[in-house]
Amino acid sequence: MNDVKAGRFYILPAFHWNNRLNSTMDFYTDDLYKLLFSFILGAVIGAEREYRSKSAGLRTMILIAVGSTLFTLVSIRISGDAGRIAANIVTGIGFIGAGIIFRENNRVVGITTAAIVWVTAALGMSIGAGYYTIALYSFLISGMALVVLSPIQKWIRGKNQIRTYRLMCVYQKRTLKDYEDLFKQYGLVILGAEQNRSGSHITGNWILQGSLHTHEQLTDYLLNDQNIVEFDF
């Protein structure tokens with residue numbers, strides 16, 4: 001360090017400043033590549049979610065990937081060990097995922113999107129730590145689960161679905177029993193049933209299991225049934 005002082009301020013030699021500047025530039029260049037890589041992977045995953053009109057879409061996935069990478073980079077620079085920060089990232093992502101999951105029409109939705117948020121954060125952390133290869137392989141495997149397996153998932157759901165039906169009719173002694181016999185004729189399995197009478201009307205709620213085709217056939221029949229006052233499905 002130079003002996004020239006201005007009060008208590010020491011003047012560093014020019015070559016020392018240049019070395020520090022070059023080191024800083026190398027540091028930021030390497031990290032910039034990591035952040036851009038996270039941006040790209042997060043954007044691809046987010047675009048797929050956005051296309052399917054999910055709650056966590058393009059911008060959300062980008063921010064999760066880039067944020068996880070940034071936390072990992074900073075933790076490595078500060079302590080040299082990203083383990084503690086990584087544990088907190090996983091905890092924080094858990095809160096985000098929990099906010100995406102909700103119940104709708106007797107079924108839970110958002111679980112897949114929450115899982116994708118979790119995976120996206122893991123990709124960002126891997127990139128931040130410099131593990132590009134494992135991050136890329138994980139991205140490809142996750143993409144295969146989302147895109148390639150989607151038709152298989154639709155085929156499985158077409159073979160078996162569970163739906164809830166609510167009917168309101170003018171009360172007669174065998175009204176709801178006749179409809180239960182109708183459900184069985186269509187090959188649907190009754191998983192649950194509730195009945196409620198109010199005045200001259202009676203309401204039945206059923207949880208039915210069967211193929212998509214049989215559900216659609218039953219729905220068409222019930223929509224054209226003149227004895228039904230109200231119908232929800």
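A few remarks follow.
- Residue satisfying condition, being surrounded by 16 or more Cβ atoms within 10 Å (Cβ to Cβ), among the small types (G, A, S), more than 17 Å from the chain's Cα centre (by Cα) and at pLDDT 85 or above, within set S138, S126: S126
- Some residue of the range 126-147 being within 22 Å of R59 (Cα to Cα), in contact with an Asp or Glu (Cβ under 6 Å, 6 or more places away or on another chain) and in a helix (DSSP H, G or I): yes
- No other residue among L176, L146 is modelled with pLDDT under 85 and more than 31 Å from the chain's Cα centre (by Cα) apart from L176.
- When Y186, Y179 are checked against the criterion of being surrounded by 15 or more Cβ atoms within 10 Å (Cβ to Cβ) and either assigned by TED's automatic domain parsing to the domain that holds G110 or farther than 13 Å from I228 by Cβ (or both), a single residue qualifies: Y186.
- Extreme residue, surrounded by the fewest Cβ atoms within 10 Å (Cβ to Cβ), among residues of the range 194-224 that are more than 23 Å from G158 (Cα to Cα) and of a type outside the set (S, T, N, Q): G199
- Any hit, the range 183-200, residues being basic (K, R) and in a helix (DSSP H, G or I): yes
The values are calculated or read from the model by the stated rules, or taken from the named source; none is laboratory data. None of these values were measured; they are calculated from a predicted model. In this analysis, Cβ positions are derived from the backbone assuming ideal geometry, glycine residues included, and neighbour counts consider all displayed protein chains.
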